[in-house]
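Inspection log for the structure reproduced underneath, given as structure tokens.
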Amino acid sequence: MKEIIYKGKKVKVPFEDANYTLDGDKDVTIANRFGGEECTVPGYAAAVYDVIIGAEVTKRYDLVEKGCDWFSRNFPKQYMVLLD
């Protein structure tokens, strides 16, 4: 797993090539694609979410599983809103 620095702390993230710096240290609000319920996650978690959704579209289910596993362990409440 790749490590990034988020607000001065090391964080392990699941994907090497995701753009974890796009939103930097900002929090990002994401809405559930189907019901519209929203939740807030750090920018690096939004990058993981983006990879998961893109992997679903391209039928890369190995990446979906890897990302969902990481998301459910690190952000369980947000996982239930966005991905479950």
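The values are calculated or read from the model by the stated rules, or taken from the named source; none is laboratory data. All values derive from a computational prediction rather than experimental measurement. Cβ sites come from the backbone with ideal geometry, for glycine too, and all protein chains shown count toward neighbours. Areas reflect the complete protein model, heavy atoms only, side chains present, ligands, DNA and RNA absent. Shrake-Rupley method; radii C 1.70, N 1.55, O 1.52, S 1.80 Å.
Brief remarks follow.
- Residues within region 1-25 that are open to solvent by less than 100 Å² (accessible area, probe 1.4 Å) and either charged (D, E, K, R) or assigned to a loop (DSSP other than H, G, I, E, B) (or both), tallied: 11
- Top-ranked residue in region 26-84 [being in contact (Cβ under 8 Å) with a residue 24 or more places away in the chain, open to solvent by less than 40 Å² (accessible area, probe 1.4 Å) and outside any helix (DSSP H, G or I); ranked as farthest from Lys9 (Cα to Cα)]: Asn32
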